[in-house]
Amino acid sequence: MEMKKRISLELRNRAPEEVTELVLDNCLCVNGEIEGLNDTFKELEFLSMANVKLSSLARLPSLNKLRKLELGDNIISGGLEVLAEKCPNLTYLNLSGNKIKDLSTVEALMKMKMKMKLVYLKDMRRRRRRKKKRKMKMKQIQNWEKEKRKWAFHT
């Protein structure tokens, strides 16, 4: 289902000005951009767009009352500075499962004058721990192979 159609279904005969929560998870995003969401959603406090193949936040409307934004499992790799100007009251942001490779991409958000919980940072820490564990396992296998060769040589 396309994002525009999903938004109209989620409205449930309400005006966009009355909506405080909007869940658009798993719908289709045309060209990787937000479609159908506009400035009329003035009271929106929670927006979830998880797994919608979103690659850009350029078409995000101004959502001054938005506090919680779920953007997990998309293909966002940059352009997060838009959030600082369009969502000034954001306190929770989930970016886990996106294509963000380094923390410099998230720096624009750090300049915001608020305390924001970034789920993406936790996700990066988990990745680092997994890499460390893999390295440790490889080292153990290499050491075991060395010992095996050493003993095979002596017998």
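Just a few scattered comments:
- Note on segment 29-41: among residues that are part of a loop (DSSP other than H, G, I, E, B) and touching a Lys or Arg at 6+ places or on another chain (Cβ under 7 Å), the one that is modelled with the lowest pLDDT is CYS29.
- For segment 29-55, the tally of residues that are touching a Ser or Thr at 6+ places or on another chain (Cβ under 9 Å) and among the hydroxyl-bearing types (Ser, Thr, Tyr) stands at 1.
- Scanning segment 61-77 turns up no residue that is at pLDDT 90 or above, surrounded by fewer than 16 Cβ atoms within 10 Å (Cβ to Cβ), under 20 Å from ASN38 (Cβ atoms) and of a type in the set (A, V, I, L, M).
- Here the condition is being within 17 Å of the chain's Cα centre (by Cα) and of a type in the set (Asp, Glu); of GLU35, GLU43, GLU70, it holds for GLU70 alone.
- Residue-level analysis places SER104 among those that are assigned to a helix (DSSP H, G or I) and either touching a helix residue (DSSP H, G or I) at 6+ places or on another chain (Cβ under 9 Å) or at pLDDT 70 or above (or both).
- Filtered residues of segment 1-28 (kept if touching a strand residue (DSSP E or B) at 6+ places or on another chain (Cβ under 8 Å), closer than 23 Å to LEU80 by Cα and either free of Cβ contacts under 8 Å to residues at least 24 places away in the same chain or part of a loop (DSSP other than H, G, I, E, B) (or both)): THR20, LEU24, ASP25, CYS27
The values are calculated or read from the model by the stated rules, or taken from the named source; none is laboratory data. Just so it is clear, the model here is predicted, and its values are computed rather than measured. Cβ coordinates were reconstructed from backbone atoms using ideal geometry, including for glycine residues, and neighbour counts include every protein chain displayed.
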